[in-house]
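The values are calculated or read from the model by the stated rules, or taken from the named source; none is laboratory data. Just so it is clear, the structure is predicted and the values come from calculations on it, not from any experiment. Methodologically, a virtual Cβ is constructed for each residue, glycine included, from the backbone with ideal geometry; neighbour enumeration extends over all protein chains shown. Calculation scope for accessible area: heavy atoms of the full protein, side chains included, ligands and nucleic acids excluded. Shrake-Rupley method; radii C 1.70, N 1.55, O 1.52, S 1.80 Å.
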Amino acid sequence: MRKLRVRLLYGVIISFAIGALYATPARAELAVAINTDKLKVGMDDTLKLEVVISGKGARTSRLEIEGIDNFEVLSKSSRQQVSIINSRISVSSTYSYILRPLATLAPPQGGRTVELRARVEANGEVYKSNTEKVQLVKSSGGGGSRPPGAPPGFSGRKGSGGLFGYGNNFFGMFGNKRFNDDDFLAQANVSKPRVYAGQEVIYTLSFYRATEIQSRPDFFLPDMKGFWTEQPPDRKRVSTRSVEIAGRRYMAIELVAIIYPISAGNTVIGKGKVRFQPDFFASPIELESREITLNVLSLPEEGKPEDFSGLVGEFQIDAGLKVKPKAKTKEVIAEVGRPITLIVKVSGAGNLHAIKEPSRPELEGFETYEPETDDDISRSSKGSRGSRSFTYILVPQREGKLEIGVFETSYFDPEKGEYRRIRTEPMVIEVAPGAQAGLGRQGGQAAHPARQDIERFSTNIRHIKPDDKRLGPQGRPYYKRAAFYIYPALLMAALGAYVVYINRRRKLLSDSEYARNVRAKRMAKERLDSAGKYLRENDSEGFYGEMDRAVRQYMADKFNVSPSGISRETVREIFNEKLSAINGNTIDTVSRILSKCESARFAGKSVNAEAMKKLLEDARTVILEMEKEIK
């Protein structure tokens, strides 16, 4: 009787404790954390912000971020992770933002510190994260080179579409794909934010893609009013490279243009555009870059040469004759009345189009002709480099030593901020009497050299005429042939197959749960085949290890859970949670296989070939049964 009373007392106490536990309001038990990738951010730089919420109420929580109103949200993404460990479900949600400080916070307001803190509400409870303090600092300039991983001025855009640019499904069969804000980005920058009028500037329009696209993008440069614009050749105009932005890997495709500001002042370069086809069944997406303000300084008046032509950069000049010099001397032999060729070359890097004919000396004793101009210019993503040559024909008029004086020109060096003058070296040539010095002279002047006769080409033309003048249809019309109908049918069948393949590939890449479900059976078969190989080799340890991995990984892939949370004790619980109905024999078989594998792996190396063969057959059968029951 006394024992009965004690048991009743214990029962009342336990019941009271359980009732009190369930009567207590359930708390979400959330943990909230916030972090940024930097503690200082420029006014045209970007900041990556992440908020991680973990706990039972992570899925249904409502997130607010204090201080985010000081930034422009360039992109936003989120992801969730669910895992089951020892029959306990763990959920975490991660929210990622790419932010840029608002322009209204620019100096003199810039330089202040912004406090960022996450505030989460779930089940009537409010949870707050730690506080991240970010200092807003003055930008280093508009469009200069930026540190890798955070280029300024990029913009993203969410897009969707269907076949032929329409948002509707293709014949009602296929849905549209949605893209994240940060899947595709556009950026524009310049090599120097502060330049002189006429100085060379490299303008780069960049397109960043984090996923594959249908074809190469089309670039549209902005209106370059107020600039002289040149572009490198096609093979050097567009380049590709791999970069990392805010912790994500992108493929960058960049278009380069070489521009030269014409006048001084703050000159605005408009928005560049990038248009691309994300995939075969999506409408084109168009991204715009930001505008760039270029601070253009006027060339100084102090020290400006009178013959300055607007040449800005770094240049040199040299001159030479196309004749053989005397041995061991710098003198050149020429003949009276026989023309010689003088080449003056101005070469360097900068606005080569502004090279004008250098100032020419008095060429006494020569008859001269106007020069021919020849350009040898190379343009690439690093700028323009090359030369402009001026070819003079000089005809000596008398014997003796004749001097070719100094050719000179000037340019402005933007690196040192001063004008420079460059000159050629003077040359002396020795003119000998001509072989026919007495002939062809008129009035004491040498006769002009005879010009070459113009080469005359043959004028014989053979006209092509048909032999048969009677024209008429040849054979059956094409639309009456079987190929006329077979080819379109084959084309439509191929298109349909391609559509199915593309949509399946897209789903495999974007939906990890679907990808695991699809590969589950194939992976299980490979592991069971491997277990069969261990069976033939009488390797019990390898056999039971592969069997255990095959069954547990199959269930993990089918139910989108962690394989570490699957054991013989949790099999029934997982099946009941994930499926409304399941054959009880299937659950018992899976539990038995896992139990046998677990005990056999730690029981030693005894080999029972018949038992192992039976277990392998049971595993193949139960996986086929689960494949039918788990859709």
**Report entry** Set of aspartates and glutamates with alpha-carbon distance to Lys38 below 17 Å, sequence-local pairs under 8 removed
**Finding:** Glu50, Glu72, Glu115, Glu132, Glu244
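From the protein chains alone at 1.4 Å, what is the descending order of accessible area for Ser242, Ser289, largest first?
Ranked from most to least accessible, the order is Ser242, Ser289.
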Requested in this report: Taking 7 Å along the Cα-to-C-beta vector as the label spot, tell me the Ile262-Thr229 distance in nanometres, rounded to one decimal.
Outcome: 1.3 nm
Query raised in the report: When only the heavy atoms of the protein chains count and the probe is 1.4 Å, how do Glu121, Glu302 rank by accessible area, highest first?
Result: Glu302, Glu121
Requested in this report: Could you compute the FRET efficiency for Glu66 and Asn123, with r as their C-beta to C-beta distance and R0 at 22 Å, rounded to 0.05?
Outcome: 0.60
Query raised in the report: What order, most packed first, do the peptides 197-206, 311-320 have when packing is the mean number of other Cβ atoms within 10 Å of each residue?
Result: 197-206, 311-320
Query raised in the report: At Val406 and Ala515, where each label point lies 7 Å from the Cα along Cα→Cβ, what is the point-to-point distance in nanometres?
Result: 7.2 nm
Query raised in the report: Applying the Karplus parametrisation 6.51 cos²θ - 1.76 cosθ + 1.60 with θ = phi - 60° to the phi angles of the range 373-390, what ³J(HN,Hα) value in whole Hz is obtained for each residue in order, glycine and proline being reported as x?
Result: 9, 9, 9, 10, 10, 10, 10, 8, 5, 9, x, 9, 8, x, 8, 10, 9, 10
Report summary line: Expressed in nanometres to one decimal, the distance between label points 7 Å along Cα→Cβ at Arg420 and Arg481 is 7.0 nm
